[in-house]
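Here's the structure we're looking at; comments come further down.
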Amino acid sequence: MDLILWRHAEAHDHPDTLLGRQGDPLDLARRLTPRGEKQAARMATWLDRQLPAAARVLTSPAQRAEQTALALGRKYKVREELAPQGEPHALLELVQWPFGKSPVVVVGHQPTLGRVVAHLLGLAEADCPVRKGAIWWLRYRERDGVAQTVLVTVQTPELL
């Protein structure tokens, strides 16, 4: 199974810098900046060439995540489990890791995506930084009867 974790591209700051918090209604309405729109388009162009037609795309209900997913030009489903401050185990359950049949692209947020990466790769830290607009492509496989999670690639919009 392939799991592609895509952090939403750069978005405008929360309008309430004093009391606002991730996942509140104002946060969910935040849109991509012009730079974020370019990041999403650049990554989507690269990603579309790599993904098989059968890949599923799931996104957070946050506006900035949906805008990022839209850049890919494929059908996607909005899933509440992927909202800001989501639980890594809920994400993995949603995508049916590691036994899902088709590749899944998840457009989401930090720290959830970084926690999923850290967990799947067995990192000592509980969280792994994931840059805005970047993808982490992970693959589950069995080799000689041993389950493995392989890091296929990490891409950032700036490197494409």
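Looking at Pro61, Pro111, Pro34, Pro88, which one is within 12 Å of the chain's Cα centre (by Cα) and over 20 Å from Asp2 (Cα atoms)? Just one listed residue meets the conditions, Pro111.
Considering each residue of the range 84-126, count those that are farther than 21 Å from Leu72 by Cβ and not aliphatic (A, V, I, L, M), and give that number.
Within the range 84-126, the first condition is being farther than 21 Å from Leu72 by Cβ, and the residues that meet it are 85, 87-90, 92-93, 98-99, 111, 114-115, 118-126.
From what's left, not aliphatic (A, V, I, L, M): 85, 87-89, 93, 98-99, 111, 114-115, 119, 122, 125.
Adding up the residues that qualify gives 13.
Val130: modelled with pLDDT of 95 or more, assigned to a loop (DSSP other than H, G, I, E, B) and surrounded by 15 or more Cβ atoms within 10 Å (Cβ to Cβ), yes or no? In short, yes. The residues of the range 82-96 that are modelled with pLDDT of 95 or more and surrounded by fewer than 19 Cβ atoms within 10 Å (Cβ to Cβ), listed by number, are Glu87, His89, Ala90, Leu92, Glu93, Leu94, Gln96.
The residues of the range 1-40 that are part of a helix (DSSP H, G or I), crowded, with 16+ Cβ neighbours inside 10 Å and not polar (S, T, N, Q), listed by number, are Asp27, Leu28, Gly36, Glu37, Lys38, Ala40. Residues that are within 19 Å of Phe99 (Cβ to Cβ), free of Cβ contacts under 8 Å to residues at least 12 places away in the same chain and aliphatic (A, V, I, L, M) within the range 114-160 comprise just one, Val146. Among the residues of the range 100-122, not one is hydrophobic (A, V, I, L, M, F, W, C) and at pLDDT below 95.
Do the conditions hold for Glu81, that is, is it in contact with a Leu (Cβ under 7 Å, 6 or more places away or on another chain) and either outside any loop (DSSP other than H, G, I, E, B) or in contact (Cβ under 8 Å) with a residue 12 or more places away in the chain (or both)? Talk me through it step by step, then tell me what you get.
On the way: in contact with a Leu (Cβ under 7 Å, 6 or more places away or on another chain): yes; either outside any loop (DSSP other than H, G, I, E, B) or in contact (Cβ under 8 Å) with a residue 12 or more places away in the chain (or both): yes.
Yes.
None of Thr33, Thr59, Thr17 is polar (S, T, N, Q), without any contact (Cβ under 8 Å) to a residue 40 or more places away in the chain and farther than 22 Å from Leu160 by Cα except Thr17.
Residues in the range 21-51 that are at pLDDT below 95 and over 13 Å from Ala11 (Cα atoms): Arg21, Gly23, Asp24, Pro25.
Looking only at the range 133-149, residues that are over 28 Å from Ala11 (Cα atoms) and part of a loop (DSSP other than H, G, I, E, B) come to 2 in all.
The values are calculated or read from the model by the stated rules, or taken from the named source; none is laboratory data. Everything numeric here is computed off the predicted structure, so don't read it as measured data. Using ideal geometry, Cβ is built from the backbone for each residue, glycine included, and neighbour counts are taken over all protein chains shown.
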